[in-house]
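The values are calculated or read from the model by the stated rules, or taken from the named source; none is laboratory data. In this text the structure is predicted, and so the values were computed from the model without any measurement. Note that we place each Cβ from the backbone using ideal geometry, even for glycine, and neighbour counts take in every protein chain shown.
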């Protein structure tokens, strides 16, 4: 067996291992699953969000559950392959499970089943980026350079989400429009399918992220497996937020190599990938909390000399970001500062209109994040904290350090209200961090117990997909129950 593929884990402190089947915890997970499933199926008020922001109710055919069974079989195969030491193949199966589950979730939906993908991409009210790209592509004298040069002026004229984003999403569909020779339907299909492929990388990317920081293959694979079935990752297809999950994992992994291993090349790659992420969404700036907290902990764990050498690599990453945008500005006239200012004004006006109640919305954002991760995720985090909460601040093991930084990051985002509203979608980028304590918790469970948890999570995806509507195509296609 290839040593790189072996699923064995390093020895763990006794407090992090439970040799017996966690019957009480497993029972609580099953009960929570059944309760939440019943509440969702009954369309109980409040389960789909607070009074000021609700996800729509709907009722799809019951055969939607059958459509989602084959991906669960692929997922189960991934678990079996992992037990046999075939890690790479198991990660490939996680990729396949997430990919097929996204399309299975579309199968029973109105708009032609899987054909709904084209409608979602082309809708000006759902993603809107394709619509804006098709309008700008029809302008004979406005190429990519022209779009970038005038982007801060174009931004207020775009549809819905396009007004709040840098040019990346718009240019993404501009690329597909050109690659398909201007074929409107083909470009929508190609762009949507590629998003599905990128989103399906979340499981493998999360494994690399968790394993690099936590140095525990079992915990990393458990966390990656859980992420592969998270409702938000599956049911928001085809939104760019799905693709931010694997990209965030790679950025943070590169930062770990730059700071912990003092790898100069990793620092440059980290900066380049961060620049790419910021070209699509400013949400990647929130990763700064994880980056800074991890860097500060290096002072305690590695000493002053290592701390400042890591800071130098952090500076190199920032210089890479600035240099790449400087080159883009010189080549096309794209002004990132003016674009940021324009988008900030649009976002400020939109938040005033939505009138989210402060500070109450911070609690509801956390609850929406629980929905995004299937609710049972929070129970697993609670189990982890009960067993290990006291050790987090004193245990310098990689596993505890990763869990500590991840929890601090999520708490900071929640309490500072950096991403208010639609947390089920906007907070998707934090799902890999949520997987840190979840992965550690599940790694102490036997495989049968883990599989019960995964089946519960799959049921949450199926129930939520049948009864909640996250991407509304309008009354002509979607019948929304209030």
Quiz item: Would it be correct to say that residue 396 is in contact (Cβ under 8 Å) with a residue 24 or more places away in the chain, more than 26 Å from residue 43 (Cα to Cα) and in a loop (DSSP other than H, G, I, E, B)?
Solution: yes
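Hey, among 404, 459, 393, which residue is surrounded by fewer than 24 Cβ atoms within 10 Å (Cβ to Cβ), farther than 27 Å from residue 39 by Cα and within 20 Å of the chain's Cα centre (by Cα)? Let's see the steps before the verdict.
Working: 459 fails: farther than 27 Å from residue 39 by Cα; 393 fails: within 20 Å of the chain's Cα centre (by Cα).
Of the residues listed, the single one that is surrounded by fewer than 24 Cβ atoms within 10 Å (Cβ to Cβ), farther than 27 Å from residue 39 by Cα and within 20 Å of the chain's Cα centre (by Cα) is 404.
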Exercise. Go through segment 166-193 residue by residue and tally those that are in contact (Cβ under 8 Å) with a residue 12 or more places away in the chain and either part of a helix (DSSP H, G or I) or in the same structural domain as residue 438 (by TED's automatic domain parsing) (or both).
Key: 19
Exercise. Kindly indicate which of 188, 138 is surrounded by fewer than 21 Cβ atoms within 10 Å (Cβ to Cβ) and either in contact with a helix residue (DSSP H, G or I) (Cβ under 6 Å, 6 or more places away or on another chain) or over 22 Å from residue 425 (Cα atoms) (or both).
Key: 138
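When you check residue 418 against the structure, is it in contact (Cβ under 8 Å) with a residue 24 or more places away in the chain and in a helix (DSSP H, G or I), yes or no? Spell out the reasoning first.
Details: in contact (Cβ under 8 Å) with a residue 24 or more places away in the chain: yes; in a helix (DSSP H, G or I): no.
No; evaluated as a whole, the condition is false for this residue.
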Quiz item: residue 127: part of a loop (DSSP other than H, G, I, E, B) and within 24 Å of residue 341 (Cα to Cα), yes or no?
Solution: yes
Exercise. Working carefully through the options 226, 209, 164, find the one that is modelled with pLDDT of 95 or more and either within 30 Å of residue 306 (Cα to Cα) or surrounded by fewer than 24 Cβ atoms within 10 Å (Cβ to Cβ) (or both).
Key: 209
Self-check item: Members of segment 250-275 found to be without any contact (Cβ under 8 Å) to a residue 40 or more places away in the chain and part of a helix (DSSP H, G or I), listed by number
Solution: 251, 254, 265, 269, 273
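Considering only residues that are surrounded by 17 or more Cβ atoms within 10 Å (Cβ to Cβ) and either in contact (Cβ under 8 Å) with a residue 24 or more places away in the chain or not in a helix (DSSP H, G or I) (or both), which ones fall in segment 21-48? Working first, answer last.
To start, the set of residues in segment 21-48 that are surrounded by 17 or more Cβ atoms within 10 Å (Cβ to Cβ) comprises 22, 25-26, 29, 32-33, 36-37, 39-40, 47-48.
Within segment 21-48, 22, 25, 26, 29, 32, 33, 36, 37, 40, 47, 48 qualify.
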Exercise. Within segment 44-65, work out how many residues are more than 17 Å from residue 105 (Cα to Cα) and over 26 Å from the mean Cα position of the chain (by Cα).
Key: 2
Practice problem: Mind counting the residues in segment 51-75 that are surrounded by fewer than 17 Cβ atoms within 10 Å (Cβ to Cβ) and not in a helix (DSSP H, G or I)? | Solution: 7
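Residue by residue, here is whether (1) at pLDDT below 95; (2) farther than 24 Å from residue 230 by Cα; (3) touching a helix residue (DSSP H, G or I) at 6+ places or on another chain (Cβ under 8 Å) holds:
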| residue | (1), (2), (3) |
| --- | --- |
| 343 | yes, yes, yes |
| 409 | no, no, yes |
| 417 | yes, no, yes |
| 449 | yes, no, yes |
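Quick check on residue 78: is it over 20 Å from residue 372 (Cα atoms) and either surrounded by 18 or more Cβ atoms within 10 Å (Cβ to Cβ) or out of contact with any helix residue (DSSP H, G or I) (no Cβ under 7 Å at 6 or more places or on another chain) (or both)?
Answer is yes for this residue.
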Exercise. Would you mind stating whether residue 155 is buried (at least 18 other Cβ atoms within 10 Å of the Cβ) and over 24 Å from residue 69 (Cα atoms)?
Key: yes
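Please pick out the residue among 406, 382 that is without any contact (Cβ under 8 Å) to a residue 12 or more places away in the chain and in the same structural domain as residue 459 (by TED's automatic domain parsing). It would help to see each step written out before you state the result.
Details: 406 fails: without any contact (Cβ under 8 Å) to a residue 12 or more places away in the chain.
Exactly one of 406, 382 is without any contact (Cβ under 8 Å) to a residue 12 or more places away in the chain and in the same structural domain as residue 459 (by TED's automatic domain parsing), namely 382.
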Quiz item: Does residue 51 count as free of Cβ contacts under 8 Å to residues at least 40 places away in the same chain and within 27 Å of residue 370 (Cβ to Cβ)?
Solution: yes
